[in-house]
Amino acid sequence: MSERLQVPRGTYDVLPQDAGARAALEATARRILEGAGYARIETPAFEHTEVFARGVGASTDIVQKEMYTFDDGGGRSVTLRPEGTAPICRAYAEHGMHKLPQPVKLWYLSSFFRQEKPQAGRFRQFWQVGAEAIGSDDPAVDAESIVLLSTLLDELEVGGLRLRLASLGTLAARHAYREELQAYLRAHADELSADVRERIDLNPLRAFDSDHPGTRAAMAGAPLLLDHLDADDAAHFAAVRELLDRAGIAYEVDPTLVRGLDYYTRTVFEFTSDALGAQSGVGGGGRYDGLVEMLGGPATPGCGWAAGIERMLLAAGGMPVAAPPVDLYVAFDDAAGSRAAAFAVADEARSARLHAQLELAGRSRKGQLKHADRIDARYVAVVSDDTTVLRDRHAGEQHGVPTGDVVAWILRERGMR
RNA sequence: GUGGGCGUAGCUCAGCUGGUAGAGCUCCUGGUUGUGGUCCAGGCGGUCGCGGGUUCAAGUCCCGUCGCUCACCCCA
């Protein structure tokens with residue numbers, strides 16, 4: 001035997017026993033999002049690398065070290081999509097969707113790829129459901145986005161949820177703040193942990209999350225981005241909060257909430273679950289008012305979110321999904337040469353829209369009946385050329401039926417029930 | 001990239017101080033039963049992750065390596 005192959009690191013097979021829960025999640029997402037007027041979109045699994053380099057931001061971890069980038073064979077650099085928002089904004093610009101009624105509301109359920117070291121709730125190919133509303137800067141868009149994700153998580157019974165909310169202001173305000181924070185950190189460098197000190201240039205905001213005592217003390221006096229919003233951004237944030245309050249959505253304002261993609265402006269939010277391990281984020285998103293323009297489209301506001309399928313399923317616990325009912329299981333005696341007759345019965349049953357399964361494993365009579373029990377078939381037909389023994393497993397009775405009449409007999413019985 | 005834990009049948013796992021592999025479940029067959037479920041018997045299935053080393057002898061000890069997993073970082 002050759003060496004046994006296995007899936008690449010960070011990927012997994014969705015086996016039949018797990019497919020039901022995923023299908024149920026997809027159905028729930030579809031109902032909620034399409035009910036709110038979102039239409040499904042599917043973009044390619046890979047894009048020109050430029051889409052992410054410009055959209056997600058060249059300085060982010062995603063672009064710097066997590067992308068699967070390769071030559072497409074013709075000298076162009078392409079990248080397996082690491083996230084969904086930039087490709088959708090690329091599509092919005094490419095197809096001139098600014099001429100449609102605004103905002104254009106789109107949802108997706110797709111797989112994404114990041115070259116990270118896998119751990120609980122983190123994979124190299126992972127699935128996200130997401131929603132984007134592009135073309136309006138109304139605070140109601142932000143609030144509606146959050147409410148939709150909140151509804152989805154509630155309906156999926158994702159446990160231990162917490163919602164954190166912040167506003168990043170405009171890109172300009174954010175960059176100005178970043179420099180101010182870096183200056184503050186450098187001024188207090190001797191009070192900070194080595195870890196935080198090393199990251200002043202790369203990720204100064206992380207200093208807020210440190211549990212190092214000296215760092216915590218120093219950060220108590222650090223400037224906060226929320227205090228630096230201009231009047232429009234502050235008003236926008238206040239409006240979003242008011243709508244959430246009226247909708248009865250519980251949240252906490254977290255001035256240190258950062259998201260690792262450069263395109264966010266104004267509102268950002270994240271749902272976490274304490275039912276997960278270290279990767280506690282189940283879903284999050286925010287507003288990205290400059291993104292469409294960065295990708296070559298007209299200046300267009302937008303807002304959206306994405307939630308991890310694996311993490312939602314993990315935090316929701318496995319909800320068992322019933323197997324589809326089997327109406328008829330067609331058994332036969334191969335030694336008696338009844339295979340062809342049985343094959344015809346199964347075929348006819350399926351034409352009549354019955355869920356029918358044919359014996360395919362050469363089982364003994366006992367094995368066939370055991371299998372009928374295992375798949376919980378309503379009827380078992382033991383077929384021979386002329387006469388079939390048709391057993392109603394629920395009623396516990398059986399009849400001899402001419403083989404040609406088996407399907408008609410079942411349909412008639414079912415009509416009478 | 002760094003660190004912790006783990007790698008024995010499809011699954012869950014036993015194999016004590018080294019002596020050339022076991023159980024339960026699953027699947028299949030036969031018997032029993034009311035033609036299923038129960039019960040009994042049998043069968044399929046493993047180069048003990050891989051490669052070296054020590055030894056008369058290694059799943060069991062030593063070294064290396066690969067894989068899985070959890071955590072750091074970051075994110076969904």
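Which condition number in (1) open to solvent by less than 40 Å² (accessible area, probe 1.4 Å); (2) of a type in the set (A, V, I, L, M, F, W, C); (3) within 33 Å of the chain's Cα centre (by Cα) is the one that A:Ala172 fails?
For A:Ala172, the failing item is (1).
Please pick out the residue among A:Ala381, A:Ala372 that is part of a helix (DSSP H, G or I) and buried (at least 19 other Cβ atoms within 10 Å of the Cβ).
Values: A:Ala381 fails: part of a helix (DSSP H, G or I).
Step by step, each of A:Ala381, A:Ala372 is checked, and only A:Ala372 is part of a helix (DSSP H, G or I) and buried (at least 19 other Cβ atoms within 10 Å of the Cβ).
Just one of A:Asp142, A:Asp137, A:Asp154 is assigned to a helix (DSSP H, G or I) and open to solvent by 50 Å² or more (accessible area, probe 1.4 Å); which is it? Break it down into steps so the answer makes sense when it comes.
Numbers: A:Asp142 fails: open to solvent by 50 Å² or more (accessible area, probe 1.4 Å); A:Asp137 fails: assigned to a helix (DSSP H, G or I).
After ruling out the rest, the residue left standing is A:Asp154.
Which is touching a residue at least 24 places away in the same chain (Cβ under 8 Å), within 28 Å of A:Ser273 (Cα to Cα) and out of contact with any Phe, Trp or Tyr (no Cβ under 6 Å at 6 or more places or on another chain), of A:Leu229, A:Leu205?
On the way: A:Leu229 fails: within 28 Å of A:Ser273 (Cα to Cα).
Of the residues listed, the single one that is touching a residue at least 24 places away in the same chain (Cβ under 8 Å), within 28 Å of A:Ser273 (Cα to Cα) and out of contact with any Phe, Trp or Tyr (no Cβ under 6 Å at 6 or more places or on another chain) is A:Leu205.
Do the conditions hold for A:Arg350, that is, is it without any contact (Cβ under 8 Å) to a residue 12 or more places away in the chain and under 27 Å from A:Ala23 (Cβ atoms)? First the steps, then the outcome.
Details: without any contact (Cβ under 8 Å) to a residue 12 or more places away in the chain: yes; under 27 Å from A:Ala23 (Cβ atoms): yes.
Yes; evaluated as a whole, the condition is true for this residue.
Among the numbered criteria (1) open to solvent by 40 Å² or more (accessible area, probe 1.4 Å); (2) without any contact (Cβ under 8 Å) to a residue 60 or more places away in the chain; (3) assigned by TED's automatic domain parsing to the domain that holds A:Trp127; (4) within 16 Å of RNA strand B (Cβ to nearest atom), which one does A:Ser59 miss?
(2)
Among the candidates A:Leu181, A:Leu185, A:Leu163, which residue alone is touching a strand residue (DSSP E or B) at 6+ places or on another chain (Cβ under 6 Å), open to solvent by less than 50 Å² (accessible area, probe 1.4 Å) and either under 30 Å from A:Arg22 (Cβ atoms) or modelled with pLDDT of 85 or more (or both)? Write out each step before concluding.
Values: A:Leu181 fails: touching a strand residue (DSSP E or B) at 6+ places or on another chain (Cβ under 6 Å); A:Leu185 fails: touching a strand residue (DSSP E or B) at 6+ places or on another chain (Cβ under 6 Å).
The conditions single out A:Leu163.
Among the residues of region A:188-204, which ones are open to solvent by less than 30 Å² (accessible area, probe 1.4 Å) and out of contact with any helix residue (DSSP H, G or I) (no Cβ under 7 Å at 6 or more places or on another chain)? Show your work before the answer.
Within region A:188-204, the subset open to solvent by less than 30 Å² (accessible area, probe 1.4 Å) is A:189, A:192-193, A:196, A:200, A:204.
Selection gives nothing.
What number of residues within region A:384-407 satisfy the criterion of being open to solvent by less than 50 Å² (accessible area, probe 1.4 Å) and more than 11 Å from RNA strand B (Cβ to nearest atom)?
Matching residues across region A:384-407 total 6.
Could you list all residues from region A:86-120 that are among the hydroxyl-bearing types (Ser, Thr, Tyr) and touching a strand residue (DSSP E or B) at 6+ places or on another chain (Cβ under 6 Å)? Talk me through it step by step, then tell me what you get.
From region A:86-120, those among the hydroxyl-bearing types (Ser, Thr, Tyr) are A:92, A:108, A:110-111; that's our starting set.
Listed by number, the residues that qualify are A:Tyr92, A:Tyr108, A:Ser111.
Among the residues of region A:166-191, write down those that are free of Cβ contacts under 8 Å to residues at least 60 places away in the same chain and under 30 Å from A:Tyr251 (Cβ atoms). Don't jump to the end; show me each part of the working.
Filtering region A:166-191 for residues free of Cβ contacts under 8 Å to residues at least 60 places away in the same chain gives A:172, A:175-191.
A:Ala172, A:His175, A:Ala176, A:Tyr177, A:Arg178, A:Glu179, A:Glu180, A:Leu181, A:Gln182, A:Tyr184, A:Leu185 - these are the residues of region A:166-191 that are free of Cβ contacts under 8 Å to residues at least 60 places away in the same chain and under 30 Å from A:Tyr251 (Cβ atoms).
It is to be established whether one or more residues within region A:2-12 are of a type outside the set (Gly, Ala, Ser), closer than 22 Å to A:Phe113 by Cβ, modelled with pLDDT of 95 or more and surrounded by fewer than 19 Cβ atoms within 10 Å (Cβ to Cβ). Explain how you work it out, then say what you get.
Step one: filter region A:2-12 for residues of a type outside the set (Gly, Ala, Ser), giving A:3-9, A:11-12.
From the residues that got through so far, the ones that are closer than 22 Å to A:Phe113 by Cβ too are A:5-9, A:11-12.
Right, trim to modelled with pLDDT of 95 or more and you get none.
Checked region A:2-12: no residue is of a type outside the set (Gly, Ala, Ser), closer than 22 Å to A:Phe113 by Cβ, modelled with pLDDT of 95 or more and surrounded by fewer than 19 Cβ atoms within 10 Å (Cβ to Cβ).
In region A:257-292, which residues are more than 19 Å from A:Val63 (Cα to Cα) and of a type in the set (Asp, Glu)?
Residues satisfying the conditions are A:Glu270, A:Asp274, A:Asp289.
Between a first residue in region A:11-22 that is more than 11 Å from RNA strand B (Cβ to nearest atom) and a second residue that is assigned to a loop (DSSP other than H, G, I, E, B), which pairs have beta carbons less than 7 Å apart while being 6 or more apart in sequence or on different chains?
Hits for this filter: A:Asp13/A:Val7; A:Gly20/A:Val321; A:Ala21/A:Gly318; A:Ala21/A:Met319; A:Ala21/A:Val321; A:Arg22/A:Val14.
Among A:Met97, A:Met67, which is open to solvent by less than 60 Å² (accessible area, probe 1.4 Å), of a type in the set (A, V, I, L, M) and touching a helix residue (DSSP H, G or I) at 6+ places or on another chain (Cβ under 7 Å)?
Details: A:Met97 fails: touching a helix residue (DSSP H, G or I) at 6+ places or on another chain (Cβ under 7 Å).
Exactly one residue qualifies, and that residue is A:Met67.
Quick check: is even one residue across region A:100-107 buried (at least 18 other Cβ atoms within 10 Å of the Cβ), within 16 Å of RNA strand B (Cβ to nearest atom), assigned by TED's automatic domain parsing to the domain that holds A:Ala36 and of a type in the set (Val, Ile, Thr)? Walk me through it before giving the result.
Taking region A:100-107 and keeping what is buried (at least 18 other Cβ atoms within 10 Å of the Cβ), we get A:103-107.
From what's left, within 16 Å of RNA strand B (Cβ to nearest atom): A:107.
Filter once more, keeping what is assigned by TED's automatic domain parsing to the domain that holds A:Ala36: A:107.
Going one step further and asking which of them are of a type in the set (Val, Ile, Thr), we end up with none.
For region A:100-107, residues buried (at least 18 other Cβ atoms within 10 Å of the Cβ), within 16 Å of RNA strand B (Cβ to nearest atom), assigned by TED's automatic domain parsing to the domain that holds A:Ala36 and of a type in the set (Val, Ile, Thr): absent.
The values are calculated or read from the model by the stated rules, or taken from the named source; none is laboratory data. Not measured: the values here are computed from a predicted model. Cβ: placed from backbone, ideal geometry, glycine included. Neighbour counts: every protein chain shown. Surface accessibility is based on the protein's heavy atoms, side chains included, excluding ligands, DNA and RNA. Shrake-Rupley method; radii C 1.70, N 1.55, O 1.52, S 1.80 Å.
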